[in-house]
1. Which of T91, T185, T130 ends up with the largest GNM mean-square fluctuation for the chain, with Cα atoms connected below 10 Å?
2. In terms of modelled amide H atoms, which long-range or inter-chain residues lie less than 5 Å from the amide H of N224?
3. Would you grab the residues whose amide H sits under 5 Å from the one on I93? Only those 5+ places off in sequence or on another chain, please, with H modelled 1.01 Å from N.
4. How about K111: which aspartates and glutamates have a C-alpha closer than 19 Å to its C-alpha, ignoring those fewer than 8 places off in the same chain?
5. What is the gain in length, in nm to one decimal, between I33 and F172 on full extension, counting 0.36 nm per residue of separation less the C-alpha to C-alpha distance?
6. Taking P(r) over Cα pairs in 10 Å bins from 0, in percent straight from the coordinates, which label in (i) 6, 25, 37, 25, 6, 1, 0; (ii) 8, 31, 34, 19, 7, 1, 0; (iii) 6, 23, 24, 18, 15, 10, 4, 1, 0 is the correct one?
7. Output the pairs from K207/K260; K180/K231; K48/K247; K65/K231; K48/K241 with a Cα-Cα distance over 32 Å in this structure; if there are none, say none.
8. Per the helix-only calculation at 222 nm, which mean residue ellipticity applies to the chain, given -39500 (n - 2.57) for every DSSP H run of n ≥ 4 and division by its residues, nearest 500 deg cm²/dmol?
Amino acid sequence: RQGHTCVTNLLQWLLVPSCSDFHAAIVAANTMIRLSDFEQYAREHLAKKWKDFHADGACGQFTLKDNEAAFQRLKLLPRILRDVSHLATETTILGEKISMPICISPSGSQKIAHLDGEVAMVKAARSMGTCMALSAYATCSIEEVSEAAPDCLRWFQVYIMSDPNVTKQLVFRAEAAGYKALVVTVDVPIAGIRYASVRNQFEFPLKLPNLESLNVKSFSKIPNSAAATWKDIDWLRSLTKMPIVVKGILTVDDAREAVKHGVSGIWVSNHGARQLDTVPSTVSV
């Protein structure tokens, strides 16, 4: 319950500056109790193609449905008569303190849903004392997000690009801007098929300042490398002192392989069910 309250407070923080009518935004935020309230608000206020972009899963969306259903299958077995008069949700992540074991994962093109985009998100993370991972496909630059909340714990997410110089420059910029870890997403060698985005002929409507030189327009034509291997993880480790977290692990074998290659963290992820359909829900792995 305390964790749910923290997430709800974070989302309320984000909602207010996104509305032109400040009073209406306060009223709306204060009436939202459950996370599903925020999803409903988004469905009612976003244009269809932007709503579809954020909510879409790959292919038949079997994994997307199972991601939520898997949590519903989990049951709590509470122990009674324990002293719960002093509760704390604080923990550490890669040696850094955070207020709760809930962080903000990398999500691209946030200005589609909010005028301030990733700048608003990092300020919300700072206000809640937790970590934000910035996507390479963000609509705010690495430096802009860093300057907006220099005291917030920030990680930077990157793909292994077809042009290694692009990847290298992103890593250098993130380290120079004070990001504390490098998240390498490894489950998108090619773009997943998202039917709603195909029907909507989705193109990125805003500039992607971290990838501006590539002029990325369509998700189906992303510049990720389809030839990436574990050797690229070794190469990335040679470029930076930032700890590396590999995101997109779903098997024990790949987790062991990641450890062999000296990564500092393993991020169990199916890419929000947006990449390869019919894989397991992450909470069940």
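The values are calculated or read from the model by the stated rules, or taken from the named source; none is laboratory data. It should be emphasised that the depicted structure is a prediction, and the values quoted were computed from it without experimental measurement. Heads up, the Cβs are rebuilt from the backbone with ideal geometry, glycines too, and the neighbour counts pull from every protein chain shown. Surface accessibility is based on the protein's heavy atoms, side chains included, excluding ligands, DNA and RNA. Shrake-Rupley method; radii C 1.70, N 1.55, O 1.52, S 1.80 Å.
1. T91
2. For N224, the qualifying residues are S162.
3. Answer set, sorted by chain and number: I98.
4. Within reach: D21, E39, E44, D52, D56, E143, E144, E147, E203, E212.
5. Result for the pair: 46.0 nm of gain on full extension.
6. Computed from these coordinates, P(r) over Cα pairs in 10 Å bins from 0, in percent corresponds to label (i).
7. Over 32 Å apart, Cα to Cα: K207/K260; K65/K231; K48/K241.
8. -11500 deg cm²/dmol
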